[in-house]
Amino acid sequence: MTRKPIDILHVVHSLEPGGTERNLVRILHALGSRPHRHAVVTLRDSGPLSADLPDHVACYPLRIQGCNRLAGFALGNLCHHLGARILHARNTGCWFDATIAAALSPKTKLLLGYHGADRTTLPSARRRWTGRLASLTGAQFTSVSHAGRRHLSEQFGLTPQQVAFLPNGVDDRRLQSVSEGVRETLRREFDLPPEAVVVGIVGSLTPIKDHGTLLHAMFDAMKTRPQLHLLIVGDGPLRHELHRQVRELGMDPRVHFAGFRHDIPAILRAMDIYVNASLHEGMSNAVLEAMTAGLPLIVTEVGDHARLVHGNNGVDAGYVTQPGDIEELAFHLKTLADDPRLRQDMGGAARIHALDYDTKQMVDRYGSLYDSLLFPITNVRFSKGF
């Protein structure tokens, strides 16, 4: 019996619990009603989110260790074996191997996604060279943010017409389905006193998320605002280092590490203020989810954060700070800690702004993009409609 080809093979390093990876799982569930056949390949181990994939989506872990020059060849062999028609590499760290794989599988179209920087420095020469080479060989590109499109233009020499804009989206129904009593239940789980004003952050514990700046800003704010507590959700390589910093600053009783959680919509209900201190970002799924949950924001001026905060109606959903600015972040933390009405007003604005970023619209954009590549129409530009 002849194997049916895979229409879209998605490439990630691993299905670890990051924003890009969680969004991929949501998209694959939502695309189930379309005729496309999907599979996921992870360059490393499959990761915990592989268990959340739809039953009809297979995951192929290549388990490549370190920077292996043969990774692209292994990926190309898999493309050929599966008959993949589109290879969609979903972050810049996968671009090089995906470009090699597409060259080895000529019937496979290459789609390179940009979800934000994964390092604090400029893209390496190899990444810039890969992007430019891929563009010359017919690859298409996507970005989840306006800032990402500018970055691709400035750092990779791409024109805006070469980059499809596919903003992230959130499922309001998923967040609204959380039961009323979950706030109290979760606050008891983390030993949060009833009067606590809980500052929350959701994200991988990696340098790019800059939890260290948030910890020092909280240390400053907590000196005069005893009601402030910090809830850190996520896991990653800096876990032990952040625990050490908390101990050294004497913040143990008021900083709570939740680790990796599947119940993000519920855990957002335990928070009163949401912070994203990232040094680089595209369009943060976690920020969008916090907005949908009605939380006031304090975010750094990276990616499309300012667009999310200011919205289109002239009412701000929070504050925008400069990356790494401890004093500015601490000032805004104190302001929101002192003013419940301000938190409520900004949280309401956040919910309104989030309505512009709907999961259905996001999924429709992805579906239309895949259709345009699988069933191209003569003389229709790639960027049309995005």
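At-a-glance table
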| item | result |
| --- | --- |
| Pair list, Cβ under 8 Å, 6 or more apart: the stretch 219-242 residue at negative phi and open to solvent by less than 50 Å² (accessible area, probe 1.4 Å), other residue in a loop (DSSP other than H, G, I, E, B) and small (Gly, Ala, Ser) | 227/196; 228/196; 229/196; 231/270; 233/203 |
| The stretch 32-54, subset of a type in the set (Ser, Thr, Tyr) and closer than 23 Å to residue 93 by Cα, residue surrounded by the most Cβ atoms within 10 Å (Cβ to Cβ) | 42 |
| Strands (runs of 3 or more DSSP E) contained in the stretch 30-119 and holding at least 2 residues modelled with pLDDT under 95 and touching a strand residue (DSSP E or B) at 6+ places or on another chain (Cβ under 9 Å) | 109-114 |
| Members of the stretch 301-335 found to be under 18 Å from residue 199 (Cβ atoms), in a loop (DSSP other than H, G, I, E, B) and among the hydrophobic types (A, V, I, L, M, F, W, C), listed by number | 317 |
| Odd one out for residue 266, checked against (1) more than 15 Å from the chain's Cα centre (by Cα); (2) open to solvent by 50 Å² or more (accessible area, probe 1.4 Å) | (2) |
| Counted residues, the stretch 347-366 - those being open to solvent by 20 Å² or more (accessible area, probe 1.4 Å) and either among the aliphatic types (A, V, I, L, M) or touching a residue at least 40 places away in the same chain (Cβ under 8 Å) (or both) | 11 |
| Any hit, the stretch 184-203, residues being farther than 20 Å from residue 321 by Cα, assigned to a loop (DSSP other than H, G, I, E, B), open to solvent by less than 20 Å² (accessible area, probe 1.4 Å) and small (Gly, Ala, Ser) | yes |
| Counted residues, the stretch 269-278 - those being part of a strand (DSSP E or B) and either within 12 Å of residue 203 (Cβ to Cβ) or open to solvent by 10 Å² or more (accessible area, probe 1.4 Å) (or both) | 3 |
| Residues that are touching a residue at least 12 places away in the same chain (Cβ under 8 Å), open to solvent by 50 Å² or more (accessible area, probe 1.4 Å) and not charged (D, E, K, R), drawn from the stretch 66-95 | 73, 77, 80 |
| Residue list for the stretch 149-177, filter: open to solvent by 30 Å² or more (accessible area, probe 1.4 Å), of a type outside the set (D, E, K, R) and assigned to a loop (DSSP other than H, G, I, E, B) | 157, 159, 177 |
| Matching residues in the stretch 8-31 - criterion: being over 17 Å from residue 170 (Cα atoms) and surrounded by fewer than 20 Cβ atoms within 10 Å (Cβ to Cβ) | 14 |
| Tabulated pairs, the stretch 299-319, first surrounded by fewer than 16 Cβ atoms within 10 Å (Cβ to Cβ), second assigned to a helix (DSSP H, G or I) and of a type in the set (Val, Ile, Thr), C-beta under 8 angstrom, 6+ apart or interchain | 313/352; 315/352 |
| Subset tally (residues that are assigned to a loop (DSSP other than H, G, I, E, B) and within 26 Å of the chain's Cα centre (by Cα)) for the stretch 211-252 | 5 |
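The values are calculated or read from the model by the stated rules, or taken from the named source; none is laboratory data. This is a predicted model, so every value here is computed, not measured. Note: ideal-geometry Cβ built from the backbone for every residue, glycine included; neighbour counts use all protein chains shown. To get the accessible areas, we keep the full protein, side chains included, count just its heavy atoms, and leave off ligands, DNA and RNA. Shrake-Rupley method; radii C 1.70, N 1.55, O 1.52, S 1.80 Å.
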